[in-house]
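These notes are about the structure you will find just below.
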Amino acid sequence: MFSKRKRQLCSGTPQTTQASSPAARGTTVHIGYQKASTVLYALKAKGELEKAFAASGSSVTWSEFPAGPPLLEALNAGSIDFGYTGESPPIFAQAGGVPLVYVAYDPWSPKAEAILVPKDSPIKSVAELKGKKIAFAKGSNANYLLLKALEKAGVQYSDIQRVTLTPADARAVFERKNVDAWAIWDPYFAAAEAATGARILADATGLAPNRGYYLAAKSFVDAKPDALKIVLDQVKEVSKWAKNNSSEVAKFLSPALGIDAHVLEIAEKRREYDILPLTDEVITKQQEIADTFYKIKLIPQEIKVKEIVWQGKVNNS
């Protein structure tokens, strides 16, 4: 998935941090985002990060991606400095030699991803997925959820027919019933429930933490730590807004995602927001995911997650 190429390496107004330090001056920060990644999408729309950097003559560019894996491909290629993905993409990226650093995490929620089946499907349990076609995005959080759900049910990963697709493509084949099940995350999960009456076969409760991670290029972390802290401060402010305004977040995201606000509000209410430093517990769980992927040869080599965790400090105020 990733080449070995190394890089040299709307309501509520967040407070603006001025980028006055020498390390931040003249910087252009390249940020990768997904529309479904609420905080970064809102940060872009609100323009507060641009204001935070403006005093020093610095600027921000934004690049949109459909999912985490291509976002981290762009980080590897040198196109972006900072982004946000689910828990699985950085594991594939690290195994592929991408020079990235975990800088913070978002608790998200195990209720915000699930394995779905059509409402009239005869399938009633995960064990019945043996031999069936299952759609999911390779290297995504849902990929890990599927692995753990199958493991718990006593089904081998090799015993299913894997159909790896982006969320949009997977939704289409799921609606046409060209697959038997779909492992997916919110807000696509909530949208499928609302539009098709899809049934939840299993969510991630007790199976996967379903955390999100803020990630940066190692070169950016090393060369521009002050700029990184400014980005994280602004992310923190928007995260606070999102945490306390689920209805407004849903209305804000609706036009961009093409999903009704009432559906998005369902998704918002079953997720959490925050920006936190990685603890030993979080690193250990992320390592368990990496070890699981290595065990079934989804990644080519063992990795040590703790080796690429930023030792800086996230502002928790």
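Are there any strands (runs of 3 or more DSSP E) wholly within region 144-244 with 3 or more residues that are within 21 Å of Ala267 (Cα to Cα), of a type in the set (Val, Ile, Thr) and over 22 Å from the mean Cα position of the chain (by Cα), and if so which?
none
Would you check if there is a residue in region 17-39 being under 25 Å from Ile303 (Cβ atoms), modelled with pLDDT of 90 or more and not in a strand (DSSP E or B)?
Checking region 17-39: not a single residue is under 25 Å from Ile303 (Cβ atoms), modelled with pLDDT of 90 or more and not in a strand (DSSP E or B).
Can Ala137 be described as in contact with a helix residue (DSSP H, G or I) (Cβ under 9 Å, 6 or more places away or on another chain) and open to solvent by 10 Å² or more (accessible area, probe 1.4 Å)?
yes
Any chance you could count how many residues in region 162-180 are touching a strand residue (DSSP E or B) at 6+ places or on another chain (Cβ under 7 Å) and open to solvent by 80 Å² or more (accessible area, probe 1.4 Å)?
1
How many residues are open to solvent by 30 Å² or more (accessible area, probe 1.4 Å) and of a type in the set (Val, Ile, Thr) if we restrict to region 264-282?
2
Does Val314 fit the bill of being crowded, with 19+ Cβ neighbours inside 10 Å, more than 19 Å from the chain's Cα centre (by Cα) and more than 22 Å from Leu145 (Cα to Cα)? Walk me through it before giving the result.
Working: crowded, with 19+ Cβ neighbours inside 10 Å: yes; more than 19 Å from the chain's Cα centre (by Cα): no; more than 22 Å from Leu145 (Cα to Cα): yes.
For Val314, the condition - crowded, with 19+ Cβ neighbours inside 10 Å, more than 19 Å from the chain's Cα centre (by Cα) and more than 22 Å from Leu145 (Cα to Cα) - is not met.
Is it true that Ala217 is over 19 Å from Gln34 (Cα atoms), open to solvent by less than 10 Å² (accessible area, probe 1.4 Å) and in contact with a helix residue (DSSP H, G or I) (Cβ under 6 Å, 6 or more places away or on another chain)?
Values: over 19 Å from Gln34 (Cα atoms): no; open to solvent by less than 10 Å² (accessible area, probe 1.4 Å): yes; in contact with a helix residue (DSSP H, G or I) (Cβ under 6 Å, 6 or more places away or on another chain): yes.
No.
Scan region 117-131 and report the pairs whose first residue is under 17 Å from Gln161 (Cα atoms) and of a type in the set (Val, Ile, Thr) and whose second residue is open to solvent by 20 Å² or more (accessible area, probe 1.4 Å) and in a loop (DSSP other than H, G, I, E, B), with Cβ atoms within less than 7 Å and a gap of 6+ or a chain change.
Hits for this filter: Val117/Asp180; Ile123/Asp180.
Looking at region 40-56 only, could you name the residues that are within 25 Å of the chain's Cα centre (by Cα) and outside any helix (DSSP H, G or I)?
Gly47, the sole residue that qualifies.
When region 68-84 is examined, which residues are found to be open to solvent by 10 Å² or more (accessible area, probe 1.4 Å) and not in a helix (DSSP H, G or I)?
Gly78, Ser79, Asp81, Tyr84
Among the residues in region 119-130, are any assigned to a helix (DSSP H, G or I), open to solvent by 40 Å² or more (accessible area, probe 1.4 Å), touching a helix residue (DSSP H, G or I) at 6+ places or on another chain (Cβ under 9 Å) and at pLDDT 95 or above?
yes
When you go through Ile266, Ile283 one by one, which is the residue that is within 18 Å of Ser88 (Cβ to Cβ) and assigned to a helix (DSSP H, G or I)? Explain how you work it out, then say what you get.
Numbers: Ile266 fails: within 18 Å of Ser88 (Cβ to Cβ).
Going through Ile266, Ile283 in turn, the sole match is Ile283.
The values are calculated or read from the model by the stated rules, or taken from the named source; none is laboratory data. Just so it is clear, the model here is predicted, and its values are computed rather than measured. With ideal geometry, Cβ positions are generated from the backbone for all residues, glycine too; neighbour counts draw on all protein chains shown. The area values use the complete protein model at the heavy-atom level, side chains included, leaving out ligands, DNA and RNA. Shrake-Rupley method; radii C 1.70, N 1.55, O 1.52, S 1.80 Å.
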